[in-house]
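S.K.: I have a structure here, written as structure tokens, and I will follow up with some questions on it.
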Amino acid sequence: MSRLKKKEIGMITEKPCWHPYKLQSLSLKRFIKVVNKILQQELEIIDIRKEKEETGD
């Protein structure tokens, strides 16, 4: 498969939202690209933290 074809497929299948654990399995090169896009707000990361329960007085 040509580089152009691979690039087109990669662009089509890019995820708009990433889970932090999935980022761990990426190659270093891919990880850097995804994180840069997250920082530029082109992609999002899922917040997996549990929400704190508010206690009433």
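Just so it is clear, none of the values below were taken in a lab; they were calculated from the coordinates. The structure presented is a predicted model; accordingly, all values stated were derived computationally and were not measured.
S.K.: Per residue of segment 36-43, in order, report the coupling 6.51 cos²θ - 1.76 cosθ + 1.60 (Karplus, θ = phi - 60°) as ³J(HN,Hα) in whole Hz, putting x for Gly and Pro.
M.R.: In residue order, the calculated couplings are 4, 5, 5, 5, 8, 6, 8, 10 Hz.
S.K.: Using amide H atoms built 1.01 Å from N in the peptide plane, name the residues 5+ places from residue 43, or on other chains, whose amide H lies under 5 Å from its own.
M.R.: 38
S.K.: Once phi is turned into ³J(HN,Hα) by the Karplus curve 6.51 cos²θ - 1.76 cosθ + 1.60 with θ = phi - 60°, what whole-Hz value does each residue of segment 25-32 show in order, with x for glycine and proline?
M.R.: 8, 7, 5, 4, 4, 5, 4, 4
S.K.: Can you give me the long-range amide H partners of residue 26? Hydrogens built in the peptide plane at 1.01 Å from N, cutoff under 5 Å, separation of 5 or more residues or another chain.
M.R.: none
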